[in-house]
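> Please find one structure pasted underneath; my questions will follow.
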Amino acid sequence: MATSETSENKAKQTCNELEIQEDFTTDIHPLYSRMSRFTVREELRSRPNRLAAIILGLLNVVFILVITGLSVHIDRVSETHNTLTLNSSRISSQLAHLQSEHSSLTESRKTLQNKLDEDTKKITSLQQNLNTMTKLKNDLSSQNQNLQQEKRKLQSQISNLEDNCGRCLPNWVLMNNTCYYFAVSDAVLRKSWAAGRQECKKNGADLLVINTKEEQEFIVDTLKTLRYNLRFHYTNGFWMGLKDDHTEGTWKWLNGTNMTAGYWMPGEPNDDNAAEDCAAVYPAAHPLRAWNDAPCSYPLKWICEKEVDITPHNPQ
Ligand code: MMA
Ligand code: CA
């Protein structure tokens, strides 16, 4: 609206100027004056056209500006599009690269997992082998210990046999100039205290009398050496020459001496049922806790003892 009012004012102003010009030219030449009037009239008639032309021109300018703006915008959009296309192809190529890396890594992971599984199996198998070997080693070590013990026993027997040669009866053991008989053989039946003593006497000996701690240890060790290493049961005892049948609780050796040091098992002697007056020695774990009192009529094994034969030892 403001633009059209301005154009109208401009047209009025032009018209006034032309009228003034007309007045001004009246004094000049009549022909010229006519011509001028004609021109002015023509010009007055073409005023709307000029306005339209101006408007069109302005529209044209605006249009050109818009076109130019749009063109610039399109260029920018196109540039952005190109950049995005470039980025998109780069991203696609990176994606393809990453996918290929991913599949290669997945493959590697599978291979490593398989290797891990195999190694785990191997470790388990090795662990089992190790356990078996350790068990075997322990078994062998224990066997070795047993064999060493066996060897010591056999060496002691050999040394006894050598020492015994010509001094003690066969199957008797020599120790400190004394021969001992241990009725360990399964072929020898158990007997009462008195019957056992009789067996000793048949060979010029008597039941065992223990005089020292060393002799006690020797007796128990020899019982174990002779494989009479059974778990404790009163029937596994060996009669000794020790009784308290004269006065209960007063233990006397066959040689008439009172017992001073006793190597009783814990809780013994207990005179069980007030009927235990004879003492027996056992192959006990602790050699100084190895005696028990039992009824003299009980069938047990026995140990005989006698001084070494006068016959001089004459090794070949
Ligand atoms: C028990 C215990 C001993 C006793 C025997 C035999 C198995 O041991 O009481 O002291 O001598 O029985 O009667
Ligand atoms: Ca007893």
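Please treat every number below as a calculation from the coordinates, not as lab data. No experiment lies behind these values; they were computed from the predicted model shown. Using ideal geometry, Cβ is built from the backbone for each residue, glycine included, and neighbour counts are taken over all protein chains shown.
> Calculate one ³J(HN,Hα) per residue across the stretch 152-159 by plugging θ = phi - 60° into the Karplus curve 6.51 cos²θ - 1.76 cosθ + 1.60, and present them in order as whole Hz with x for glycine and proline.
4, 4, 5, 4, 5, 5, 4, 5
> So, one more: If I take every Cα pair under 8 Å that is 6 or more residues apart in the stretch 150-307, average their sequence separation and divide by the length, what percent do I get for the relative contact order? Working shown, then result.
On the way: 271 pairs, mean separation 50.1, N = 158.
About 32 percent, as a whole number.
> Let me ask you something else. Whole-Hz Karplus ³J(HN,Hα) for the stretch 130-137, in order, using 6.51 cos²θ - 1.76 cosθ + 1.60 and θ = phi - 60°, x for Gly and Pro?
For the stretch 130-137, the Karplus curve yields 4, 4, 4, 4, 4, 4, 4, 4 Hz.
> For residue 235 and residue 140 in one chain, what is 0.36 nm times their gap in residues minus the Cα-Cα distance, to one decimal in nm? Could you put the intermediate results ahead of the total?
Working: separation 95, 0.36 × 95 = 34.20 nm, distance 3.39 nm.
Result: 30.8 nm gained on full extension.
> Between residue 201 and residue 247, how many nm apart are label points set 7 Å from Cα along the C-beta direction?
The modelled label-to-label distance comes out at 2.6 nm.
> Continuing with the same structure: Counting only residues 5 or more places away or on other chains, whose amide H sits under 5 Å from the amide H of residue 191 once H atoms are built in the peptide plane?
When sequence neighbours closer than 5 places are left aside, the close amide H contacts are 300, 301.
> Here's another thing I want to ask about it. Using all alpha carbons of the stretch 150-307, what is the percent of pairwise distances in each 10 Å bin, ordered from the shortest bin to the longest?
Final binned percentages: 11, 43, 37, 9, 1.
> Here's something else I'd like to know. Using 0.36 nm per residue of separation minus the Cα-Cα distance, give me the extension gain between residue 255 and residue 76 in nm, one decimal. Walk me through the intermediate numbers first.
Working: separation 179, 0.36 × 179 = 64.44 nm, distance 13.45 nm.
Separation in residues times 0.36 nm, less the Cα-Cα distance, equals 51.0 nm.
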